[in-house]
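The values are calculated or read from the model by the stated rules, or taken from the named source; none is laboratory data. Keep in mind that what you see is a predicted model, and the values were worked out from it rather than measured. Neighbour counts run over all protein chains shown; Cβ positions are idealised from the backbone, glycine included. Note: accessible area is taken over every heavy atom of the protein model, side chains too, but ligands, DNA and RNA are not part of it. Shrake-Rupley method; radii C 1.70, N 1.55, O 1.52, S 1.80 Å.
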Amino acid sequence: MLKFIFNRILIIVPMALLVVTVTWVLIRVAPGNFYSTERNLPPAIEENIKKKYGLDQPWYVQYGTMMGNILRLDFGDSLKYQGQSVNEIIARHFPYSATLGLLAYLLALAIGLFAGIVAALKQNSAFDYGTMAAAMLGLSVPNFVLGPILVLFFSLYLYWLPPARWGGPLYLIMPVVTLAAIYAAYIARLTRAGMLEVMRSDYIRTARAKGLNEKTVLLKHGLRGGIVPVVSFTGPALASLLAGTVVVEKVFAIPGLGNIFIQSVLNRDEPLILGIVAFLSILIMIANLAVDISYGFLDPRIRYE
Amino acid sequence: MSEHNGNLLSVNDLRTYFQTEDGIVKAVDGISFELKRGETLGIVGESGSGKSVANLSVMRLIQEPPGKIVSGDIVFDGIDVRKLPIDDVRKIRGKRMAMIFQDPMTSLNPFLKISTQLMEVTQLHLGHTKQQAYEHAVEMLRKVEIPAPEKRVDGYPHEFSGGMRQRVMIAMALSCEPELLIADEPTTALDVTIQAQILELIKGLKDEFGTSVILITHDLGVVAGMTDKIIVMYAGKIFESAPTRELFAQPANPYTKGLLKSVPDPAHEHGAPLYQIPGLPPDVAHLPPGCPFAERCDRAKDICTKEFPPFVQINEKHHSLCHFAKEVYAASGGE
Amino acid sequence: MRDEQHIKEEVMTDGPVMAGSSLWKDAWRRLLKNKLAVFGLIVITLMVIVVGLGPFIREYLTGITPEYIPAEGDKIRSFPPSWRHPMGTDEAGRDLFARVMQGGRISLMVGIISTIVSLIVGVSYGAIAGYIGGRIDNIMMRIVDIIYAIPYILIVIVLLSVFGGENIPDWINSLAGYFGGGAGLNQIFLLFFALGLVSWLTMARVVRGQILSLKNEEFVLAAKATGVSTPAIIFRHLVPNALGPVIVYATLTVPSVMLTEAFLSFLGLGVQAPYASWGSLAADGIKNIAIFPWQLIFPGVTMALTLFSLNFLGDGLRDALDPQTRKF
């Protein structure tokens with residue numbers, strides 16, 4: 001088990017470097033530069049800029065320098081936000097995204113599991129149909145449509161909630177709900193399908209034959225097998241939660257990392273782009289590892305070599 | 001005991017139907033049988049004959065929907081199980097009547113330790129403390145001859161072989177010393193050598209605990225040495241019921257005769273092909289008006305495809321569902 | 001020898017696929033029993049018809065085109081829904097109904113063509129890995145695992161921002177050139193590839209799993225024994241028989257690709273003017289949500305309805321084609 005974890009951690013480093021390399025290549029092979037988007041510069045100034053950022057060096061020297069810096073976890077300074085290191089920027093803006101993402105995932109888990117289990121137990125009931133229709137709706141309404149509609153209703157019509165920005169808990173409600181909707185929908189569908197599958201299995205029949213009541217059958221015997229698909233969804237969910245936060249942060253004007261990332265991409269702020277890509281890749285891979293480990297606790301049949 | 005004519009279980013005109021895409025399937029359609037204390041009953045039939053559904057009905061384990069026990073009495077030690085509230089059924093299940101299933105690979109919960117699965121039965125029904133239940137679990141594993149039970153009890157099902165898992169299932173079923181044990185094809189999924197061991201085990205434990213047993217199988221060879229009487233089921237109906245010895249010696253139903261002929265006989269000379277009943281079991285959703293076996297029967301007459309056969313009494317304990325039951329009985333007596 | 005020829009012919013004429021025609025009939029019958037799937041099918045069909053023919057009919061009947069600007073709109077150009085403009089007008093005074101229909105063409109096209117790209121890549125990749133098996137399969141699937149772990153959305157964002165707009169690679173430009181070209185169209189072609197290339201992973205896994213279970217079937221062995229070439233075995237015998245799950249998964253890929261397209265358009269990286277998609281129309285509408293909510297609601301709801309229907313149809317197809325794993 002420890003060896004498995006250790007091996008997986010070892011893989012994370014080259015993988016993150018690979019992602020960074022791909023990103024770097026994409027930025028470099030594309031025509032244009034971060035400074036050329038501004039205005040036409042006199043050649044002398046352009047030379048100076050190139051020299052300052054090492055852009056006059058051959059590409060492999062530039063690549064080597066970048067990789068060396070990254071391995072030392074030094075992503076350099078942002079090109080756009082003068083005088084601020086990439087690490088500072090990430091440290092400042094990530095907490096917003098993390099809060100948002102974590103709360104949204106917990107909310108989605110709570111709603112999704114509850115709705116999915118109840119829907120499975122009351123299969124073909126009105127609750128079941130209602131839940132599944134709502135889940136399908138959750139999968140079909142883009143979050144950048146859901147967010148503004150919530151704002152329209154709760155802020156501009158009812159005046160209950162602040163429409164945007166970061167403040168107390170009230171400010172969090174709509175962004176978190178907007179972000180959670182699609183995951184709650186997914187988890188509800190996965191849970192329902194998983195529970196239905198398990199509740200028809202032989203070992204549930206055995207549990208019933210023992211004389212256990214339905215509650216024990218469900219919670220003690222059914223639940224673990226039923227939520228395995230939900231756990232395996234957690235990995236991909238975290239990756240796509242990222243895309244979700246980009247949208248939600250934009251809709252609600254929250255200064256999170258997603259917003260900063262989009263800005264950095266539009267500005268061609270190479271150090272910042274690479275820094276954020278590396279940071280988020282590592283984060284997702286660690287989360288995936290955590291999911292795989294939790295599998296082992298959930299299902300005794302899984303053994304790590 | 002005598003207040004129910006010595007019967008531990010008596011089933012009368014049981015009908016269990018299923019709602020399917022193809023219409024209503026009459027999986028069990030009016031069967032009756034009785035079982036005395038300490039007696040062993042064999043129920044024989046091909047897959048789809050309704051033998052499992054009949055016994056799941058006795059345990060009230062039919063999933064509703066799509067299934068439903070539409071009529072009949074299931075009287076267990078004077079209690080009408082069919083009319084009992086489900087909470088009271090649960091007090092009997094696992095305690096006074098227990099069941100072993102066909103596939104030991106899927107019948108144990110893969111996520112829980114063997115100890116947990118064994119302990120919960122006695123904790124629930126016998127009020128055992130954790131400690132008592134644990135010791136009892138080890139004791140039961142020893143009874144079903146699992147080597148090193150103190151160690152194995154903390155294992156997970158996937159660490160056990162098929163035969164060992166079936167032993168665990170038996171241990172679980174017998175934990176509360178039930179009065180009735182229903183074994184639904186307990187050996188079908190196992191290797192031949194293991195099959196004999198498991199049957200011996202059931203036999204031994206049955207004698208030890210004085211349990212009544214219903215042994216469900218599609219293999220007449222399995223029931224031959226173990227049962228006091230046999231019911232042969234086909235298409236949801238009882239085709240023949242008789243004491244074991246008489247059924248083997250003088251069957252009164254062409255279907256039973258076909259089954260008997262298809263049992264491999266080691267004394268039989270080599271080279272002769274094994275007999276097989278021609279055709280396939282009927283589609284229970286679309287049964288013909290006449291005898292459901294008529295199409296496959298070698299002595300079927302006109303009447304067989306037109307009229308449903310009567311349940312003929314051959315003697316006190318021997319019945320057969322056939323237009324020509326008496327003729328078949330007489331004929332097989334002379335063989 | 002005659003026999004061998006006979007077997008070969010039988011194998012070449014897709015014997016097993018034809019034999020499976022009753023399977024498709026059964027599946028179709030089951031699909032028609034599923035009310036939600038039928039609802040989805042009807043909505044999608046109507047949507048395709050309206051989006052495809054609607055703009056012509058509307059222009060013929062009323063003279064309103066997506067570029068149409070009402071004359072009375074001097075200062076305020078955003079008009080609420082009316083008889084003449086059932087979905088109102090946008091900021092520039094253009095008829096929103098016409099724009100939503102036109103945007104639907106782009107959205108559906110991006111969804112379908114990107115799915116086809118992902119199908120081509122995913123099916124080839126999965127089929128080859130599954131059929132060859134062994135080490136190569138192992139390596140190929142490990143690569144898929146690795147790509148799975150990468151936050152692809154970050155890379156797509158980078159890709160579209162650096163290659164979008166004026167920097168679209170020449171080969172995409174020339175491909176788009178066959179269809180009229182122009183900056184907006186080139187961007188859409190870029191989207192096809194960007195979205196297609198990130199959606200093939202699951203398809204590859206699905207196909208590989210199917211091929212693995214099929215490749216030892218008798219009809220494949222027969223084809224092998226009679227000397228049918230490997231590519232022919234893979235693409236004429238194996239792939240057609242793995243079609244069920246592929247269709248199901250493709251149906252579910254279309255809405256997910258459309259959602260990603262909308263997301264990218266919302267960020268300003270997707271479909272660009274003069275073209276519009278439901279995503280970019282909704283993104284435009286968000287700016288004016290407080291005063292002209294219909295500019296978000298109509299494109300947003302139309303899109304949601306389409307995705308809703310596609311998802312139901314995909315679910316229904318899965319249940320119909322794979323009765324074993326039916327979720328009742």
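Can you name every residue in region A:271-293 that is of a type outside the set (A, V, I, L, M, F, W, C) and touching a helix residue (DSSP H, G or I) at 6+ places or on another chain (Cβ under 6 Å)?
A:P271, A:G275, A:S281, A:N288 - these are the residues of region A:271-293 that are of a type outside the set (A, V, I, L, M, F, W, C) and touching a helix residue (DSSP H, G or I) at 6+ places or on another chain (Cβ under 6 Å).
Select from region A:112-133 the residues that are more than 11 Å from every other protein chain (Cβ to nearest Cβ), without any contact (Cβ under 8 Å) to a residue 60 or more places away in the chain and out of contact with any Ser or Thr (no Cβ under 8 Å at 6 or more places or on another chain) and list them in ascending order.
Answer for region A:112-133, where residues must be more than 11 Å from every other protein chain (Cβ to nearest Cβ), without any contact (Cβ under 8 Å) to a residue 60 or more places away in the chain and out of contact with any Ser or Thr (no Cβ under 8 Å at 6 or more places or on another chain): A:F114, A:K122, A:S125, A:A126, A:F127, A:G130.
Going by the conditions given, is C:L252 closer than 21 Å to C:L119 by Cα, open to solvent by 20 Å² or more (accessible area, probe 1.4 Å) and within 14 Å of chain A (Cβ to nearest Cβ)?
Spelling it out, C:L252 is indeed closer than 21 Å to C:L119 by Cα, open to solvent by 20 Å² or more (accessible area, probe 1.4 Å) and within 14 Å of chain A (Cβ to nearest Cβ).
Please determine whether any residue of region A:253-276 is of a type outside the set (F, W, Y), within 17 Å of the chain's Cα centre (by Cα), closer than 19 Å to C:T260 by Cα and open to solvent by 20 Å² or more (accessible area, probe 1.4 Å).
Within region A:253-276, one or more residues are of a type outside the set (F, W, Y), within 17 Å of the chain's Cα centre (by Cα), closer than 19 Å to C:T260 by Cα and open to solvent by 20 Å² or more (accessible area, probe 1.4 Å).
Give the residue, chosen from A:L100, A:L121, A:L55, that is under 28 Å from the mean Cα position of the chain (by Cα) and not polar (S, T, N, Q).
The unique qualifying residue is A:L100.
Report the residue count in region B:183-242 for those that are among the acidic types (D, E) and in a loop (DSSP other than H, G, I, E, B).
Of the residues in region B:183-242, 4 are among the acidic types (D, E) and in a loop (DSSP other than H, G, I, E, B).
If we keep just the residues of region C:295-308 that are touching a residue at least 60 places away in the same chain (Cβ under 8 Å) and surrounded by 20 or more Cβ atoms within 10 Å (Cβ to Cβ), which is nearest to the other protein chains (Cβ to nearest Cβ)?
In this case the residue turns out to be C:F308.
Restricting the search to region A:272-285, which residues are of a type in the set (A, V, I, L, M, F, W, C) and closer than 20 Å to A:D74 by Cβ?
A:L272, A:I273, A:L274, A:I276, A:V277, A:A278, A:F279, A:L280, A:I282, A:L283 - these are the residues of region A:272-285 that are of a type in the set (A, V, I, L, M, F, W, C) and closer than 20 Å to A:D74 by Cβ.
How about region B:173-192: which of its residues are modelled with pLDDT of 80 or more, more than 15 Å from the chain's Cα centre (by Cα) and either closer than 20 Å to B:K36 by Cα or surrounded by fewer than 19 Cβ atoms within 10 Å (Cβ to Cβ) (or both)?
B:L174, B:C176, B:E177, B:P178, B:E179 - these are the residues of region B:173-192 that are modelled with pLDDT of 80 or more, more than 15 Å from the chain's Cα centre (by Cα) and either closer than 20 Å to B:K36 by Cα or surrounded by fewer than 19 Cβ atoms within 10 Å (Cβ to Cβ) (or both).
Name the single residue that is modelled with the lowest pLDDT among those in region B:228-270 being among the aliphatic types (A, V, I, L, M) and open to solvent by 10 Å² or more (accessible area, probe 1.4 Å).
Checked region B:228-270; the qualifying residue modelled with the lowest pLDDT is B:A267.
Condition (residue is among the aliphatic types (A, V, I, L, M) and without any contact (Cβ under 8 Å) to a residue 12 or more places away in the chain) applied to region C:248-257: is it met by at least one residue?
Among the residues of region C:248-257, not one is among the aliphatic types (A, V, I, L, M) and without any contact (Cβ under 8 Å) to a residue 12 or more places away in the chain, which makes the answer no.
Name the single residue, out of those in region B:308-323 being touching a residue at least 40 places away in the same chain (Cβ under 8 Å) and not in a strand (DSSP E or B), that is surrounded by the fewest Cβ atoms within 10 Å (Cβ to Cβ).
Applying the filter and picking the extreme gives B:K317.
Please go through region A:186-216 and pick out each residue that is more than 10 Å from every other protein chain (Cβ to nearest Cβ) and under 30 Å from A:F144 (Cα atoms).
Within region A:186-216, A:Y186, A:I187, A:A188, A:L190, A:T191 meet the criteria.
Taking region A:156-173 as the region of interest, how many residues are within 13 Å of chain C (Cβ to nearest Cβ) and either open to solvent by less than 10 Å² (accessible area, probe 1.4 Å) or touching a Phe, Trp or Tyr at 6+ places or on another chain (Cβ under 6 Å) (or both)?
Number of matching residues: 1.
Just wondering, is there one or more residues in region B:34-57 that are open to solvent by 50 Å² or more (accessible area, probe 1.4 Å), part of a strand (DSSP E or B), away from chain A (no Cβ under 14 Å) and touching a residue at least 40 places away in the same chain (Cβ under 8 Å)?
yes
I need the full set of residues from region B:2-33 which are in contact with a helix residue (DSSP H, G or I) (Cβ under 9 Å, 6 or more places away or on another chain), surrounded by fewer than 22 Cβ atoms within 10 Å (Cβ to Cβ) and under 21 Å from B:I92 (Cβ atoms), in order please.
Those that are in contact with a helix residue (DSSP H, G or I) (Cβ under 9 Å, 6 or more places away or on another chain), surrounded by fewer than 22 Cβ atoms within 10 Å (Cβ to Cβ) and under 21 Å from B:I92 (Cβ atoms): B:S10, B:F33.
Restricting to region A:217-242, and then to whatever is open to solvent by less than 20 Å² (accessible area, probe 1.4 Å) and free of Cβ contacts under 8 Å to residues at least 24 places away in the same chain, can you tell me which residue is farthest from the other protein chains (Cβ to nearest Cβ)?
A:V217
Determine, yes or no, whether C:P245 is open to solvent by 40 Å² or more (accessible area, probe 1.4 Å), within 30 Å of A:E249 (Cα to Cα) and modelled with pLDDT under 80.
Taking the combined requirement at face value, the residue does not satisfy it.
Take the residues in region C:89-100 that are open to solvent by 10 Å² or more (accessible area, probe 1.4 Å) and at pLDDT 80 or above, then tell me which one is farthest from C:F263 (Cα to Cα).
C:F97
Is there any pair with a first residue in region C:203-225 that is under 19 Å from C:S124 (Cα atoms) and a second that is among the acidic types (D, E) and surrounded by fewer than 21 Cβ atoms within 10 Å (Cβ to Cβ) whose Cβ atoms are under 9 Å apart and which are 6 or more apart or on different chains, and what are they?
C:R208/C:D137; C:L212/C:D137
Somewhere in region C:182-196, is a residue at pLDDT below 75, away from chain A (no Cβ under 14 Å) and open to solvent by 30 Å² or more (accessible area, probe 1.4 Å)?
yes
Please pick out the residue among A:L100, A:L139, A:L79, A:L109 that is of a type outside the set (S, T, Y), open to solvent by less than 70 Å² (accessible area, probe 1.4 Å) and within 13 Å of chain C (Cβ to nearest Cβ).
From the options A:L100, A:L139, A:L79, A:L109, the qualifying one is A:L139.
Out of everything in region B:58-88 that is part of a helix (DSSP H, G or I) and either in contact with a Leu (Cβ under 7 Å, 6 or more places away or on another chain) or crowded, with 20+ Cβ neighbours inside 10 Å (or both), what residue ends up being nearest to the other protein chains (Cβ to nearest Cβ)?
B:V58
Which of the residues that make up region A:199-225 are more than 29 Å from the chain's Cα centre (by Cα), among the hydrophobic types (A, V, I, L, M, F, W, C) and either in a helix (DSSP H, G or I) or at positive phi (or both)?
If the condition is that a residue be more than 29 Å from the chain's Cα centre (by Cα), among the hydrophobic types (A, V, I, L, M, F, W, C) and either in a helix (DSSP H, G or I) or at positive phi (or both), then A:M199, A:I204, A:A207, A:A209, A:V217, A:L218, A:L219 are the ones that fit.
For region C:133-163, give me each residue that is of a type outside the set (A, V, I, L, M), within 7 Å of another protein chain (Cβ to nearest Cβ) and not in a helix (DSSP H, G or I).
Residue satisfying the conditions is C:P151 alone.
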